[in-house]
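Peer 1: Below are the structure tokens for one structure; questions will follow.
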Amino acid sequence: MINAQDYCLAQCKRYWPKGATSLSGLSIAQSPSDCLGETIPALVMVTMPPWALDLAPQGQMLIPEGLLVAGGGDPWERVDWWQSLAWFLRGGLEAAFERMHGPIHSYSYRLHNFPPELWQFAWANRMALFLRRYASRRAARDETEMFGPLPPARLIMTHDVDAIDKTVAITIKQSSFLFYQTIRELLHLRFAYAWTNAQRLFSFLTLRCNYREALMSLCEMETQLSIAAIYHFAALNLKQRSLVSRLLDPSYDLLDSSVQELLREITGRGHTIGLHPSFESWNDELTMTQQRCKLAAITRQQILVSRQHWLRFSWHSTWQCLVKAGITFDSTLGFNDRPGFRVGAALRYQPWIPGSDDSLKIDIVPLILMDSHIFDYSSLKPEQQESTIQSIIDELVFVHGEAAILWHPHTLSEDYGWSPSFLAVLKYVVSMREQGKIEVATSQ
Ligand SMILES: [Zn+2]
């Protein structure tokens, strides 16, 4: 059976490429191993010591209250840091919530009454940075000499190919969304926003756009910037589909020679093809396996990476099914309705199901930002959109973490008009790369 300390030491290796054994001997408060159980704990802010104030927002770290051990001394000395870090990585809050209420399928609004700070910062990474500094301070040694230099942040650019042509289904879906937003803004008396959404609705219904061109120009642009992205493709059996699937899943056919030509063009430019398992597959290993095999057969490549369509996800089944289906890398772990750090982490790691003997054999990279966060789920002005993008990337850079960004290729066409924001993302990421603060994946 693994314990929290061993798990964190293994998963946070990017923070201690060497010297991890000295962390094992660090004196850390210990709470009973099952003290949180399957409960949703209260969260408290703990003030950090003067030499670590810079590692926490306003000098305070967010901790599950049950992991603050009773006794004397400053609160930070009474935190069970290993269990706190592990609690974030294993999605302790959401896993407990799901047991009580069922899967939230990646909608944060279904989680009630939690502070927004919970998802605003990469708490787990900040705890790893704290432990590194704490150990070097106790040993009176230089941090970099003891544990090695901190790596630059790492970003993986990803694209879910939900539409290749402007189909009736996608027109209904996006028009309904824009209509709903227009009405919502009117009800809130925000007439300028309502007018903007009404204009977007009109454009969407009237413009004839070529999504294939948008996809290929994106692919080419990334190649020119030396970015190797992941393009997730759906691989459904179009002859046997439920009504839900007809409405909500991508409807292109991998057997179509023009789609196969797109796949060849994408891989020919050095990008990776991943699987985009269908809306209803989130707890169905057989469907995932069939879809992975179909995509592998058509691309004549091993398909190892994946992201669930619509971020449909359950803590108690999705990754387990993906592992059985032969997937080794997944970046579903983000919210549909807000950007940020869903488990307070920006880290490539393997999930731990408490009670099991080992971590699940699948690499997770959290999804921290996608197009619809900025457009569909908020009414941000252009300058606010840019500051939202930058604050998320700044946090990733600050913690030297790893995470994924998602932009749907068809939204770069004229009828969505989301292209300027994607260019703002690229511009900011490339400027960070030029400063050596971030590396953008050039391979999986
Ligand atoms: Zn999708």
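Every read-out reported here was derived from the displayed coordinates using simple, explicitly stated rules and does not represent laboratory data. All values derive from a computational prediction rather than experimental measurement. Here Cβ is always computed from backbone atoms with ideal geometry, including for glycine, and neighbour counts include all displayed protein chains.
Peer 1: Collect residues whose amide H, placed 1.01 Å from N in the peptide plane, falls under 5 Å from the amide H of Lys166; neighbours closer than 5 in sequence don't count.
Peer 2: Under 5 Å from the amide H of Lys166 lie the amide H atoms of Tyr211, each far enough along the sequence or on another chain.
Peer 1: Calculate the spin-label point distance for Glu38 paired with Ala10, positioning each point 7 Å from the Cα along the beta-carbon direction, and give it in nanometres.
Peer 2: Using points 7 Å along Cα→Cβ, the separation is 2.4 nm.
Peer 1: Listed highest first by mean packing, meaning other Cβ atoms within 10 Å per residue, what order do 237-249, 423-435, 92-104, 299-311 come in?
Peer 2: Details: 237-249: 13.3, 423-435: 15.8, 92-104: 17.3, 299-311: 19.9.
So the peptides 237-249, 423-435, 92-104, 299-311, ranked by packing, come out 299-311, 92-104, 423-435, 237-249.
Peer 1: Give the value in nm², to one decimal: projected area of the alpha carbon convex hull of segment 4-147, averaged over all directions.
Peer 2: 8.9 nm²
Peer 1: Can you say what percent of the DSSP beta bridges in the chain, counting only those with both residues inside, are antiparallel? Round to 5.
Peer 2: Given both bridge residues lie in the chain, the antiparallel proportion sits at roughly 25 percent.
Peer 1: May I ask you to list the lysines whose Cα is less than 18 Å away from that of Lys361, ignoring any residue fewer than eight positions away on the same chain?
Peer 2: Cross-link targets: Lys13, Lys324.
Peer 1: Mean 1/r over all different Cα pairs, inverted: what Kirkwood radius does the chain give, in Å?
Peer 2: Every distinct Cα pair counted, the radius reaches 23.0 Å.
Peer 1: What is the calculated FRET efficiency for Ala70 to Ser257, with r their C-beta to C-beta distance and R₀ = 60 Å, to the nearest 0.05? Show your work: numbers first, answer last.
Peer 2: On the way: r = 68 Å, r/R0 = 1.13.
It comes out at approximately 0.30.
Peer 1: On to the next question. Let's see if you can work this out: charge +1 on each Lys and Arg Cβ, -1 on each Asp and Glu Cβ, no other charges. What is the dipole magnitude of the chain about its Cα centre, in debye to the nearest 20? Intermediate results must be reported in sequence, preceding the final value.
Peer 2: On the way: 40 positive and 45 negative charges, 59 e Å.
It comes to approximately 280 debye.
Peer 1: For Val430 and Arg264 in one chain, what is 0.36 nm times their gap in residues minus the Cα-Cα distance, to one decimal in nm?
Peer 2: 57.1 nm
Peer 1: In whole Hz, with x marking every Gly and Pro, tabulate ³J(HN,Hα) for segment 74-79 from phi via Karplus 6.51 cos²θ - 1.76 cosθ + 1.60, θ = phi - 60°.
Peer 2: Rounded to whole hertz, the list is 5, x, 4, 6, 9, 7.
Peer 1: Same structure again: Between Gln390 and Ser242, 0.36 nm times their residue separation minus their Cα-Cα distance comes to what?
Peer 2: Here the answer is 49.3 nm.
Peer 1: Further question on the same structure: Reachable aspartates and glutamates from Lys173, Cα under 13 Å, same-chain residues fewer than 8 places away excluded?
Peer 2: Lys173 reaches Asp162, Asp249, Asp376.
Peer 1: Taking the Cα-to-Cβ direction at Gln224 and at Glu77 and moving 7 Å from each Cα, how far apart do the two end points lie in nm?
Peer 2: Calculated label separation equals 5.9 nm.
Peer 1: Can you give the FRET efficiency for Asp165 and Ile353, using 1/(1 + (r/R0)^6), R0 = 30 Å, r = Cβ-Cβ distance, to the nearest 0.05?
Peer 2: That gives a FRET efficiency of 0.15.
Peer 1: Which FRET efficiency value, to the nearest 0.05, do you get for Leu186 and Thr47 by plugging their Cβ-Cβ distance into 1/(1 + (r/R0)^6) with R0 = 60 Å? Write down the numbers at each step before the final one.
Peer 2: Working: r = 45 Å, r/R0 = 0.75.
E between Leu186 and Thr47, to the nearest 0.05, is 0.85.
Peer 1: Rounded to the nearest 500 deg cm²/dmol, what is the calculated helix-only ellipticity per residue at 222 nm for the chain, with -39500 (n - 2.57) per DSSP H run of length n ≥ 4?
Peer 2: Rounded to the nearest 500, it is -12500 deg cm²/dmol.
Peer 1: For Lys427, list the lysines whose Cα falls under 16 Å from its own Cα; do not include residues on the same chain fewer than 8 positions away.
Peer 2: Lys437
Peer 1: Residue-wise, which Karplus ³J(HN,Hα) couplings in Hz belong to segment 207-224, taking 6.51 cos²θ - 1.76 cosθ + 1.60, θ = phi - 60°, and x for glycine or proline?
Peer 2: 7, 9, 10, 9, 6, 5, 5, 4, 4, 6, 6, 4, 4, 5, 4, 5, 4, 5
Peer 1: Hey, another quick one. Taking θ = phi - 60°, what integer Hz values does the Karplus form 6.51 cos²θ - 1.76 cosθ + 1.60 yield along segment 284-291, in sequence order, with x for Gly and Pro?
Peer 2: After applying 6.51 cos²θ - 1.76 cosθ + 1.60, I find 10, 5, 5, 4, 4, 5, 4, 5 Hz.
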